[in-house]
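Engineer: Okay, handing you the structure first.
The values are calculated or read from the model by the stated rules, or taken from the named source; none is laboratory data. Keep in mind the model is a prediction, meaning the values are calculated, not measured. Don't worry about glycine lacking a Cβ; one is built from the backbone with ideal geometry, like all the others, and counts go over all protein chains shown.
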Ligand code: AMP
(Lines give C-alpha, C1' and ligand atoms only; values in the text may rest on other atoms or scores of the structure.)
Protein backbone atom coordinates (compact mmCIF):
# COMPACT_ATOMS: atom_id res chain seq x y z
CA UNK A 1 0.00 0.00 0.00
CA UNK A 2 1.24 3.48 -0.89
CA UNK A 3 0.17 6.59 0.94
CA UNK A 4 1.25 9.89 -0.51
CA UNK A 5 0.57 13.57 -0.01
CA UNK A 6 1.16 15.84 -2.97
CA UNK A 7 2.00 19.48 -2.29
CA UNK A 8 2.90 22.50 -4.34
CA UNK A 9 1.95 26.05 -5.08
CA UNK A 10 -1.23 26.90 -7.04
CA UNK A 11 -0.88 25.88 -10.68
CA UNK A 12 2.01 23.50 -10.04
CA UNK A 13 -0.12 20.61 -11.35
CA UNK A 14 -0.96 18.75 -8.13
CA UNK A 15 -4.30 17.50 -9.42
CA UNK A 16 -2.91 16.46 -12.80
CA UNK A 17 0.07 14.62 -11.35
CA UNK A 18 -1.99 13.03 -8.58
CA UNK A 19 -4.49 11.67 -11.13
CA UNK A 20 -1.72 10.19 -13.30
CA UNK A 21 -0.02 8.57 -10.34
CA UNK A 22 -3.30 7.25 -8.97
CA UNK A 23 -4.26 5.72 -12.33
CA UNK A 24 -0.90 3.98 -12.62
CA UNK A 25 -0.78 2.59 -9.08
CA UNK A 26 -4.51 2.03 -8.52
CA UNK A 27 -4.57 4.58 -5.74
CA UNK A 28 -7.50 6.72 -4.71
CA UNK A 29 -6.97 10.36 -5.63
CA UNK A 30 -8.42 12.44 -2.85
CA UNK A 31 -8.69 16.16 -3.55
CA UNK A 32 -10.16 18.24 -0.77
CA UNK A 33 -10.70 21.15 -3.20
CA UNK A 34 -12.63 18.86 -5.56
CA UNK A 35 -14.81 17.61 -2.71
CA UNK A 36 -15.63 21.21 -1.76
CA UNK A 37 -16.25 22.21 -5.40
CA UNK A 38 -18.62 19.25 -5.85
CA UNK A 39 -20.54 20.36 -2.78
CA UNK A 40 -20.74 23.97 -3.99
CA UNK A 41 -21.91 22.86 -7.43
CA UNK A 42 -24.56 20.59 -5.94
CA UNK A 43 -25.76 23.20 -3.43
CA UNK A 44 -25.24 21.01 -0.38
CA UNK A 45 -25.16 22.30 3.17
CA UNK A 46 -21.38 21.89 3.19
CA UNK A 47 -21.21 23.76 -0.14
CA UNK A 48 -23.08 26.70 1.38
CA UNK A 49 -20.66 26.72 4.31
CA UNK A 50 -17.51 26.90 2.18
CA UNK A 51 -18.52 28.79 -0.98
CA UNK A 52 -17.62 32.32 0.08
CA UNK A 53 -14.39 31.36 1.77
CA UNK A 54 -13.28 29.50 -1.35
CA UNK A 55 -14.26 32.28 -3.75
CA UNK A 56 -12.17 34.70 -1.68
CA UNK A 57 -9.19 32.37 -1.82
CA UNK A 58 -9.10 31.86 1.96
CA UNK A 59 -8.69 28.59 3.83
CA UNK A 60 -11.80 26.75 5.02
CA UNK A 61 -11.81 26.16 8.81
CA UNK A 62 -9.62 23.32 10.05
CA UNK A 63 -12.57 21.67 11.80
CA UNK A 64 -14.55 21.38 8.57
CA UNK A 65 -11.54 20.24 6.55
CA UNK A 66 -10.59 17.61 9.11
CA UNK A 67 -14.15 16.28 9.22
CA UNK A 68 -14.20 15.99 5.41
CA UNK A 69 -10.83 14.23 5.27
CA UNK A 70 -11.69 11.88 8.12
CA UNK A 71 -15.02 10.95 6.54
CA UNK A 72 -13.42 10.46 3.12
CA UNK A 73 -10.69 8.19 4.46
CA UNK A 74 -13.19 6.23 6.56
CA UNK A 75 -14.69 4.92 3.33
CA UNK A 76 -11.65 2.64 3.13
CA UNK A 77 -11.91 2.34 -0.63
CA UNK A 78 -8.14 2.77 -0.81
CA UNK A 79 -6.95 -0.84 -0.75
CA UNK A 80 -3.81 0.04 -2.66
CA UNK A 81 -3.37 3.40 -1.00
CA UNK A 82 -4.12 7.04 -1.73
CA UNK A 83 -2.65 10.25 -2.99
CA UNK A 84 -4.11 13.23 -1.20
CA UNK A 85 -3.98 16.65 -2.80
CA UNK A 86 -4.71 20.05 -1.26
CA UNK A 87 -4.26 18.78 2.28
CA UNK A 88 -2.64 19.47 4.71
CA UNK A 89 -2.34 23.20 4.21
CA UNK A 90 -1.21 24.41 7.63
CA UNK A 91 0.59 23.10 10.72
CA UNK A 92 -2.55 22.04 12.56
CA UNK A 93 -3.82 20.00 9.63
CA UNK A 94 -0.40 18.41 9.20
CA UNK A 95 -0.29 17.39 12.86
CA UNK A 96 -3.82 15.98 12.72
CA UNK A 97 -2.89 13.96 9.66
CA UNK A 98 0.42 12.63 10.92
CA UNK A 99 -1.20 11.51 14.16
CA UNK A 100 -3.60 9.24 12.29
CA UNK A 101 -1.80 8.10 9.12
CA UNK A 102 1.73 7.07 8.34
CA UNK A 103 2.88 8.31 4.96
CA UNK A 104 5.25 6.77 2.45
CA UNK A 105 6.26 10.09 0.96
CA UNK A 106 5.35 13.71 0.42
CA UNK A 107 5.66 14.78 -3.20
CA UNK A 108 6.58 18.45 -3.52
CA UNK A 109 6.04 20.06 -6.92
CA UNK A 110 8.33 23.06 -7.21
CA UNK A 111 7.40 26.02 -9.39
CA UNK A 112 8.45 29.68 -9.40
CA UNK A 113 5.84 32.27 -8.45
CA UNK A 114 6.47 33.97 -11.80
CA UNK A 115 4.96 31.00 -13.65
CA UNK A 116 1.97 30.59 -11.32
CA UNK A 117 -0.20 33.47 -12.53
CA UNK A 118 0.27 32.59 -16.19
CA UNK A 119 -0.82 29.00 -15.57
CA UNK A 120 -3.69 29.69 -13.21
CA UNK A 121 -5.28 32.33 -15.44
CA UNK A 122 -5.25 29.87 -18.37
CA UNK A 123 -7.00 27.17 -16.34
CA UNK A 124 -10.53 26.06 -17.28
CA UNK A 125 -12.86 23.36 -15.92
CA UNK A 126 -15.77 21.65 -17.59
CA UNK A 127 -18.92 22.88 -15.84
CA UNK A 128 -20.55 19.48 -16.39
CA UNK A 129 -17.99 16.73 -15.90
CA UNK A 130 -15.15 18.58 -14.17
CA UNK A 131 -12.33 17.64 -16.61
CA UNK A 132 -9.64 20.31 -16.52
CA UNK A 133 -8.04 22.19 -19.39
CA UNK A 134 -5.37 24.76 -19.80
CA UNK A 135 -5.61 27.24 -22.64
CA UNK A 136 -1.82 27.07 -23.08
CA UNK A 137 -0.97 23.39 -22.62
CA UNK A 138 -4.21 21.42 -22.99
CA UNK A 139 -6.66 23.25 -25.25
CA UNK A 140 -10.08 21.83 -26.05
CA UNK A 141 -10.66 20.88 -29.72
CA UNK A 142 -13.65 23.26 -29.89
CA UNK A 143 -13.13 26.57 -28.07
CA UNK A 144 -14.84 26.72 -24.68
CA UNK A 145 -16.31 23.21 -25.01
CA UNK A 146 -15.28 20.02 -23.21
CA UNK A 147 -13.75 17.33 -25.46
CA UNK A 148 -15.32 14.61 -23.31
CA UNK A 149 -18.93 15.72 -22.80
CA UNK A 150 -19.35 18.96 -24.76
CA UNK A 151 -20.05 20.92 -21.55
CA UNK A 152 -19.19 24.61 -21.27
CA UNK A 153 -15.69 25.36 -19.97
CA UNK A 154 -15.52 27.88 -17.16
CA UNK A 155 -12.81 29.44 -15.02
CA UNK A 156 -12.74 28.45 -11.36
CA UNK A 157 -14.43 31.03 -9.19
CA UNK A 158 -11.19 31.47 -7.23
CA UNK A 159 -8.94 31.85 -10.30
CA UNK A 160 -9.24 35.64 -10.22
CA UNK A 161 -6.23 37.91 -9.62
CA UNK A 162 -7.58 38.92 -6.17
CA UNK A 163 -8.33 35.40 -4.95
CA UNK A 164 -5.08 34.11 -6.40
CA UNK A 165 -3.13 36.77 -4.47
CA UNK A 166 -4.82 35.62 -1.25
CA UNK A 167 -4.12 31.96 -2.03
CA UNK A 168 -0.46 32.62 -2.78
CA UNK A 169 -0.07 34.58 0.44
CA UNK A 170 -1.59 31.70 2.39
CA UNK A 171 0.61 29.19 0.61
CA UNK A 172 3.81 31.07 1.52
CA UNK A 173 2.79 31.94 5.07
CA UNK A 174 1.01 28.79 6.20
CA UNK A 175 1.49 25.88 3.82
CA UNK A 176 5.15 26.17 2.87
CA UNK A 177 6.39 26.02 6.49
CA UNK A 178 4.85 22.55 6.94
CA UNK A 179 7.29 21.18 4.37
CA UNK A 180 9.97 21.55 7.06
CA UNK A 181 7.74 19.74 9.53
CA UNK A 182 7.31 16.89 7.04
CA UNK A 183 11.01 16.84 6.28
CA UNK A 184 11.77 15.95 9.88
CA UNK A 185 9.46 12.91 9.78
CA UNK A 186 8.82 11.87 6.20
CA UNK A 187 10.56 11.39 2.90
CA UNK A 188 9.99 14.53 0.80
CA UNK A 189 10.41 14.00 -2.96
CA UNK A 190 11.13 17.38 -4.59
CA UNK A 191 10.27 17.56 -8.26
CA UNK A 192 10.67 20.38 -10.80
CA UNK A 193 7.12 21.17 -11.99
CA UNK A 194 8.11 23.65 -14.71
CA UNK A 195 8.65 20.96 -17.37
CA UNK A 196 5.92 19.20 -19.46
CA UNK A 197 3.36 17.02 -17.65
CA UNK A 198 4.82 13.64 -18.75
CA UNK A 199 8.32 14.66 -17.64
CA UNK A 200 7.05 15.77 -14.23
CA UNK A 201 5.25 12.44 -13.85
CA UNK A 202 8.32 10.48 -14.75
CA UNK A 203 10.41 12.53 -12.30
CA UNK A 204 7.80 11.87 -9.58
CA UNK A 205 7.98 8.13 -10.18
CA UNK A 206 11.76 8.24 -10.28
CA UNK A 207 11.91 10.14 -6.99
CA UNK A 208 9.54 7.63 -5.38
CA UNK A 209 11.62 4.72 -6.64
CA UNK A 210 8.72 3.23 -8.59
CA UNK A 211 9.34 0.69 -11.30
CA UNK A 212 9.32 1.81 -14.91
CA UNK A 213 10.10 5.41 -13.94
P1 LIG B 1 -7.66 23.65 -4.25
O2 LIG B 1 -8.50 23.09 -5.35
O3 LIG B 1 -6.81 22.62 -3.59
O4 LIG B 1 -6.87 24.86 -4.70
O5 LIG B 1 -8.68 24.16 -3.13
C6 LIG B 1 -9.64 25.17 -3.41
C7 LIG B 1 -10.08 25.89 -2.14
O8 LIG B 1 -10.68 24.93 -1.25
C9 LIG B 1 -8.97 26.52 -1.32
O10 LIG B 1 -8.58 27.81 -1.81
C11 LIG B 1 -9.63 26.60 0.06
O12 LIG B 1 -10.60 27.63 0.11
C13 LIG B 1 -10.38 25.26 0.10
N14 LIG B 1 -9.49 24.19 0.62
C15 LIG B 1 -9.05 23.09 -0.05
N16 LIG B 1 -8.26 22.34 0.73
C17 LIG B 1 -8.19 22.98 1.93
C18 LIG B 1 -7.50 22.73 3.15
N19 LIG B 1 -6.72 21.65 3.32
N20 LIG B 1 -7.65 23.62 4.17
C21 LIG B 1 -8.43 24.70 4.03
N22 LIG B 1 -9.09 25.02 2.91
C23 LIG B 1 -8.98 24.17 1.86
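Engineer: Under 7 Å between Cβ atoms, which residue pairs at least 6 apart in sequence (or on different chains) link something in the range 53-66 that is on the phi > 0 side of the Ramachandran plot with a partner that is near the ligand (Cβ under 6 Å from one of its atoms) and outside any loop (DSSP other than H, G, I, E, B)?
Structural biologist: Going by the 7 Å Cβ cut-off, the qualifying pairs are 57/167.
Engineer: Sticking with this structure for a sec: Would you be able to say whether some residue in the range 27-45 is at pLDDT 95 or above and farther than 22 Å from residue 131 by Cα?
Structural biologist: Checking the range 27-45: at least one residue is at pLDDT 95 or above and farther than 22 Å from residue 131 by Cα.
Engineer: For the range 71-80, give me the residue count where each residue is in contact (Cβ under 8 Å) with a residue 12 or more places away in the chain and surrounded by fewer than 16 Cβ atoms within 10 Å (Cβ to Cβ).
Structural biologist: Looking only at that region, the number is 3.
Engineer: Give the residue, chosen from 101, 4, that is more than 14 Å from the ligand (Cβ to nearest atom), over 18 Å from the mean Cα position of the chain (by Cα), within 23 Å of residue 178 (Cβ to Cβ) and touching a residue at least 40 places away in the same chain (Cβ under 8 Å).
Structural biologist: 101
Engineer: Mind counting the residues in the range 147-197 that are within 15 Å of the ligand (Cβ to nearest atom), in a helix (DSSP H, G or I) and in contact (Cβ under 8 Å) with a residue 40 or more places away in the chain?
Structural biologist: Final tally of qualifying residues: 17.
Engineer: Scan the range 35-60 residue by residue and report those that are surrounded by fewer than 16 Cβ atoms within 10 Å (Cβ to Cβ), closer than 12 Å to residue 156 by Cα and near the ligand (Cβ under 10 Å from one of its atoms).
Structural biologist: 55, 56
Engineer: I've got another one for you. Taking the options 60, 68, 5, name whichever one is assigned to a helix (DSSP H, G or I) and either modelled with pLDDT of 95 or more or out of contact with any helix residue (DSSP H, G or I) (no Cβ under 9 Å at 6 or more places or on another chain) (or both).
Structural biologist: None of the others qualify; the one that does is 68.
Engineer: Now, a different point. Looking at the range 72-102, which of its residues are assigned to a loop (DSSP other than H, G, I, E, B), more than 13 Å from residue 29 (Cα to Cα) and touching a helix residue (DSSP H, G or I) at 6+ places or on another chain (Cβ under 8 Å)?
Structural biologist: Once the filter is applied, which keeps residues that are assigned to a loop (DSSP other than H, G, I, E, B), more than 13 Å from residue 29 (Cα to Cα) and touching a helix residue (DSSP H, G or I) at 6+ places or on another chain (Cβ under 8 Å), the range 72-102 yields 88, 89, 90, 101.
Engineer: Any chance the range 111-119 includes a residue that's surrounded by fewer than 15 Cβ atoms within 10 Å (Cβ to Cβ), touching a strand residue (DSSP E or B) at 6+ places or on another chain (Cβ under 9 Å) and at pLDDT 90 or above?
Structural biologist: No, the conditions are met nowhere in the range 111-119.
Engineer: For residue 68, are the conditions met, namely being buried (at least 16 other Cβ atoms within 10 Å of the Cβ), under 18 Å from residue 100 (Cα atoms) and within 12 Å of the ligand (Cβ to nearest atom)?
Structural biologist: So residue 68 fits the description; yes.
Engineer: What about residue 148, is it in contact with a strand residue (DSSP E or B) (Cβ under 9 Å, 6 or more places away or on another chain), modelled with pLDDT of 95 or more and within 21 Å of residue 19 (Cβ to Cβ)?
Structural biologist: Here the answer is yes, as residue 148 does meet what is asked.
Engineer: Quick check on my filter: what residues within the range 14-26 are surrounded by 19 or more Cβ atoms within 10 Å (Cβ to Cβ) and at pLDDT 95 or above?
Structural biologist: 14, 17, 18, 20, 21, 22, listed by residue number.
Engineer: Additional query: Go through the range 149-164 and give me each residue that's more than 21 Å from residue 35 (Cα to Cα) and surrounded by 12 or more Cβ atoms within 10 Å (Cβ to Cβ).
Structural biologist: Selection gives 150 alone.
Engineer: Additional query: Only residues in the range 125-144 that are on the phi > 0 side of the Ramachandran plot count as the first member; pair them with residues that are surrounded by 13 or more Cβ atoms within 10 Å (Cβ to Cβ), Cβ under 6 angstrom, at least 6 apart or cross-chain, and list the lot.
Structural biologist: Short answer, once both residue conditions are applied: 144/153.
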